[in-house]
1. Just to be sure I understand, how many residues within segment 49-64 are closer than 19 Å to residue 114 by Cβ and surrounded by 20 or more Cβ atoms within 10 Å (Cβ to Cβ)?
2. Can you find a residue in segment 9-23 that is at pLDDT 95 or above, assigned to a strand (DSSP E or B) and in the same structural domain as residue 62 (by TED's automatic domain parsing)?
3. Please list, ordered by residue number, the helices (runs of 4 or more DSSP H) wholly in segment 132-204 having 1 or more residues that are touching a strand residue (DSSP E or B) at 6+ places or on another chain (Cβ under 7 Å), in contact (Cβ under 8 Å) with a residue 40 or more places away in the chain and closer than 24 Å to residue 223 by Cα.
4. Identify all residues within segment 109-140 that are out of contact with any helix residue (DSSP H, G or I) (no Cβ under 9 Å at 6 or more places or on another chain) and more than 24 Å from residue 63 (Cα to Cα); write none if there are none.
5. Do you know which residues across segment 98-124 are modelled with pLDDT of 95 or more and part of a loop (DSSP other than H, G, I, E, B)?
6. Pairs needed: first member in segment 52-80, over 21 Å from residue 18 (Cα atoms); second member anywhere, outside any helix (DSSP H, G or I); C-beta distance under 6 Å; at least 6 residues apart or different chains.
């Protein structure tokens with residue numbers, strides 16, 4: 001994880017967070033003094049270049065700054081939700097920790113909650129499914145170590161989850177019971193041939209299986225089939 005701070009207060013908060021997230025590296029301006037082990041200082045005007053250099057090298061980027069500063073630094077670097085790293089913004093006093101980018105697949109929501117646990121603050125999660133206490137399908141995949149084979153369809157399926165539309169799920173029974181059994185619009189199936197809804201989430205279908213012509217399929221792949 002990379003943590004960025006621009007003030008002495010922010011640097012101390014970054015150090016506190018880094019101690020709880022290890023391994024993590026703290027970056028701050030040269031004017032704040034000499035870096036310790038696991039820290040790097042940068043020129044006063046060099047934050048943008050530093051973030052760009054670090055972007056692909058860290059799973060998460062944590063800004064102990066105003067949210068607007070973080071947005072301006074990362075905006076030119078964003079590509080899409082399947083490959084962008086997690087971005088979290090934390091208030092200098094640790095009172096608010098905002099999941100900004102990569103809430104599900106990159107794990108920013110989980111990272112924000114973890115940081116809030118370190119600082120004693122509140123994690124601010126704005127993804128719609130989390131706000132409704134629903135397990136989004138890309139979040140399920142990330143938590144389970146699965147891959148979404150057709151990520152362009154994630155939005156369709158998470159929207160259906162939010163709108164309580166009928167969905168057929170070919171998922172392990174334990175997963176269904178833990179996350180989805182309470183939702184009457186969701187039905188767990190044992191075989192692809194049982195699909196009846198217009199939308200279905202399928203874990204590890206045969207490689208050459210396309211599903212019924214009139215059904216949208218979200219395909220998840222477990223580690224055993226990757």
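1. 5
2. So far as segment 9-23 goes, no, none of its residues is at pLDDT 95 or above, assigned to a strand (DSSP E or B) and in the same structural domain as residue 62 (by TED's automatic domain parsing).
3. Output list reads 137-144, 154-162.
4. Result: 133, single match.
5. Of everything in segment 98-124, those that are modelled with pLDDT of 95 or more and part of a loop (DSSP other than H, G, I, E, B) turn out to be 120, 121.
6. 78/84
The values are calculated or read from the model by the stated rules, or taken from the named source; none is laboratory data. Given the structure is predicted, the values throughout are model-derived calculations rather than measurements. A quick note on method: Cβ atoms are made from the backbone with ideal geometry, for glycine too, and the neighbour counts reach across all protein chains shown.
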